[in-house]
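Below is one structure, written out as structure tokens; the observations come after it.
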């Protein structure tokens, strides 16, 4: 069965590569923007790199840094590889892996058009990566792992190629509950990124069994009915009786002859299934994060080093060891504060900052009252933390509305609640991430 599935996926996406779908078509561009790509990002790469096959934007959540090596599993036309290449810069590398020859040819043409010298593409299945052990800082993937028959092998390969401390940032489809047999056993539903999905809990468990830590599988709330319709159109055959608004290729699934009749029948069956079942009841577009345990790999310095203070004058520590950092907006003063946090508290500060940025990629940062503040533009601040003598206090300004409610609080604190983290405490990153996600969605505190 796995060989049948693999051949079906290759055939489908080989046809997509030849279909001419691109950001030049309004429908394809709208899909990409709906799943998190900005118009500026799409304009920065060849239009043919985007074919409307995404279910998220992993480059927006991967926190890529200059000089890093990033690997994209199922790289298609090169959309995420080309965007990642700009983020890691000339001293970094962006590597795409895809099992479809037509996609590899297309992605290489797109890379040549982009003029980027730090990209490469390899023809290979994602459960047998042609890469050395411990060679990547980050692995990304966009709606592809659900298509792999042996997902456990994929997870093991990701763990193998990542450096200790390396990270995984994936957009994918996972199940909220069991699919109806008619949908779950359909080959075209598998090719359309539905029937191959595994339960959310199984996804996380599989990563843990492969050796990953800090695993999160988060429902992104995407409308999968819209995605499934686009997947059908992206196969270059519109639904019977429905105009697709997208070009129809003269080869592949739309070729004239018996193959075209068979493929049209497959698409018609999938279309019928999707009309009768609301996929959102069964599946979710998820954001997946995980870290390979071990020392954090050496990272290159930031493009513009954070000006903590004059080299001859270390940051002053106030009462309780809290760093004195002048009021300012942006990431730089927050990083200056974190770097100046004494001892074990600095590492905790970095972990908190990474969790917040991962959950809220466009978070607003500032230092106020000698403390880092995090907020959402137009909504106020949702979180701050502060160094005290024996612990770090993490405050949620609408903590009373979180579930579960953080343990710290007094009658005078009104809606604010907090958690005190001491040296040796095990930070519950999953709960912290959940609190951050909830807090960022609430109206914040405006001084």
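Each reported figure results from applying straightforward, stated rules to the coordinates on display, with no laboratory input. Everything numeric here is computed off the predicted structure, so don't read it as measured data. Counting neighbours? That spans all protein chains shown, and the Cβs are built from the backbone with ideal geometry, glycine included.
If each residue of separation counts as 0.36 nm, what is the full-extension length gain between residue 318 and residue 331 once their alpha-carbon separation is subtracted?
2.5 nm
Under a point spin-label approximation (7 Å from Cα along Cα-to-Cβ), what is the residue 426-residue 7 distance to one decimal in nm?
Between residue 426 and residue 7, the simple spin-label model gives 4.9 nm.
Can you pull the three principal axis extents for the Cα set of the stretch 311-359, in Å, largest first?
Computed over the stretch 311-359, the largest-to-smallest principal extents equal 34, 24, 20 Å.
Can you compute log10 of I(q)/I(0) for the stretch 319-440 with the Debye formula, treating each Cα as one identical point scatterer, at q = 0.10, 0.15, 0.17, 0.21 Å⁻¹?
-0.26, -0.62, -0.82, -1.31
Label points 7 Å out from Cα along the Cβ direction at residue 379 and residue 400: separation in nm?
2.0
Among 350-362, 160-172, how do they line up by average Cβ neighbours within 10 Å per residue, starting with the highest?
Ranked by mean Cβ neighbours within 10 Å, highest first: 160-172, 350-362.
Let me see the pair-distance distribution of the stretch 42-156: every alpha carbon pair, 10 Å bin width, integer percents in order.
15, 51, 31, 3
Please give the peptides 378-386, 35-43 ranked by average Cβ packing (other Cβ atoms within 10 Å per residue), highest first, as a rough proxy for protection.
In descending order of packing, they fall as 378-386, 35-43.
Where the Cα atoms of the stretch 379-438 are projected onto their three principal axes, how long is each span, largest first, in whole Å?
32, 27, 19
Please work out how much length the chain gains when fully extended from residue 414 to residue 390, using 0.36 nm per residue of separation minus the C-alpha to C-alpha distance, in nm with one decimal.
Net length gain for the segment: 6.2 nm.
Starting from one equal scatterer on each C-alpha and no solvent at all, send me the Debye-based log10 I(q)/I(0) for the stretch 1-105 at q = 0.13, 0.17, 0.18 Å⁻¹, two decimals.
The computed values of log10 I(q)/I(0) come out as -0.48, -0.80, -0.88.
Just how many % of Cα pairs in the stretch 90-151 lie over 20 Å apart, if you round to the nearest whole percent?
31
How would you order 370-377, 126-133, 138-145 from highest to lowest mean count of nearby Cβ atoms within 10 Å?
Values: 370-377: 19.2, 126-133: 15.5, 138-145: 26.6.
Per-residue mean Cβ counts within 10 Å order the peptides as 138-145, 370-377, 126-133.
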